[in-house]
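K.L.:
The structure's right below; bear with me while I get my questions together.
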Amino acid sequence: MNATRATKDEEGATSNAPQFLPWQEETARNWLGNRDRFAHAWLIHGLAGIGKLDFAVAAAASLLCESPVNGLACGHCAACAWFASGNHPDLRRIRPEAVAVEEGADAAEPSEDAEPATGAAKRAPSKEIRIDQIRSLESWFNTATHRGGWRVALLYPAHALNVVSSNALLKVLEEPPPHTVFLLVADAPDRLLPTLVSRCRRLPLPAPDPDTALQWLREQNVEPAREWLAAAGGAPLAALRLAQSGEAACPPWLTQLVGPLSKGQSPDVGTLAEALEKVAASEWIDALQRLYTDLMLASAGAPARYFPALASGVAQVAARMNTAKVAEAARWLTRQRALATHPLNAKLFAHSTLQRVVLSCLA
Ligand SMILES: [Zn+2]
């Protein structure tokens, strides 16, 4: 997420500042435009996949900019140039190693974050934010900031803080270092330590309306945008990731499941189970849960939410199905979701789950 999208401003000069997404601009201007009593810790939260990290990165650039325009980064000053090169000394990213690796941790990463090369056997990168990552901030706080400006600690995802590191951070926030702003990014604040949440000002980020999201997706060359957005439950950045994953917005196995069901016939569960064996169980159960949502919507005469491509088949299944039976199977599937991370036998698990789904749809 270090990459900044270079844009041309009104004078035609190239700006290096990371941009706010179109549906974030108003929130950003209102929030960053008034810094008189700016809180020292913010919890930026909202639905997964709506661009919270993009927002936090653009906010960090704006806070560090030396000549912000209406509160937002100018893209031309020395601080903006440093930010763009990933070397701003007054910015720290606090994230799990696994996330840093995914982001291709580069020069943006101050050395404190890196593991010392001990020559020991390589272990899997941590998925948690460790206490030493919080402790290592101490020396940074004790260093004067560049030209007396802000210092920004960008911490994401906040739920990666374990109990120990949460408490260490809590201590820091109880006696906040001067000129320092913490930006914590989280999908769901209720998954965080309540005492930590209470030390932060909340900044809820809105999800975009469908038209704005679709327009943005089309600008990213995602087609058919409507199907991808639906498959991602309306979250545009999640839709972009899905589209880039090379999978189909509507998985082929789901089409093969709904096709026969729409004619009142039983699909070939054995073949479908073989296809699902290669897919993460959580992923295909999610898809089945979404199918159930679309079925219930169709039975109420509402349009499909997740799989518009299957709408006519789903409507035919819905016209025939016993709604109470399907609702019960949907609840059962939610319980199966808890087992999905550790199925003893992936194919058998897929087979028995599919069988139950098929039975529920054939009244
Ligand atoms: Zn600037």
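K.L.:
In the chain, what is the count of Lys pairs whose alpha carbons are under 27 Å apart, counting only pairs at least 8 residues apart or on separate chains?
P.N.:
Total qualifying Lys-Lys pairs in the chain comes to 9.
K.L.:
How far apart, in nm, are two points set 7 Å out from the Cα along the Cα-to-Cβ line at Q265 and at R135?
P.N.:
Reported label-point gap for Q265 and R135 is 6.6 nm.
K.L.:
Below 8 Å between Cα atoms, with a sequence gap of 6+, how large is the relative contact order for the stretch 212-340 in percent?
P.N.:
24
K.L.:
Same structure, new question: For the pair A39 and N87, how long in nm is the line joining their label points, each one 7 Å along Cα→Cβ?
P.N.:
Distance between label points: 3.5 nm.
K.L.:
Relative contact order (percent) for the chain, with alpha-carbon contacts under 8 angstrom and 6 or more residues of separation?
P.N.:
Value for the chain: 16 percent.
K.L.:
Counting only protein heavy atoms and a 1.4 Å probe, tell me what percentage of the chain's accessible area is made up of carbon and sulfur.
P.N.:
That share works out to 52 percent.
K.L.:
Let me know the Rg and Dmax you get for the stretch 240-283 when you use only its Cα atoms, in Å.
P.N.:
Looking at the stretch 240-283, its Cα Rg and Dmax stand at 12.1, 35 Å.
K.L.:
For the chain, what is the percent of antiparallel DSSP beta bridges, rounded to the nearest 5?
P.N.:
Working: 3 of 22 bridges.
Just about 15 percent of them are antiparallel.
K.L.:
While we're here: Please give me, ordered by residue number, the trypsin sites (Lys or Arg not before Pro) of the stretch 265-335 that lie in loop per DSSP and have at most 13 other Cβ atoms within 10 Å. Don't skip to the answer; put the middle values down first.
P.N.:
Working: sites: K278, R290, R305, R320, K325, R331, R335; in loops: K278, R305.
Counting only loop positions with at most 13 other Cβ atoms within 10 Å, the trypsin sites (Lys or Arg not before Pro) in the stretch 265-335 are K278.
K.L.:
Taking every pair of alpha-carbon atoms in the stretch 267-306, give the share separated by more than 16 Å as a whole percent.
P.N.:
Cα-Cα pairs in the stretch 267-306 separated by more than 16 Å: 48 percent.
K.L.:
Moving on. Report the extension gain between T334 and A188 in nm, rounded to one decimal, defined as 0.36 nm multiplied by the number of residues separating them, less their alpha carbon distance.
P.N.:
Once the chain is fully extended between T334 and A188, it gains 50.6 nm.
The values are calculated or read from the model by the stated rules, or taken from the named source; none is laboratory data. Everything numeric here is computed off the predicted structure, so don't read it as measured data. All Cβ positions, even for glycine, are placed from backbone atoms using ideal geometry, and neighbour counts span all protein chains on display. These area figures cover heavy atoms from the full protein model, side chains too; ligands, DNA and RNA do not enter into them. Shrake-Rupley method; radii C 1.70, N 1.55, O 1.52, S 1.80 Å.
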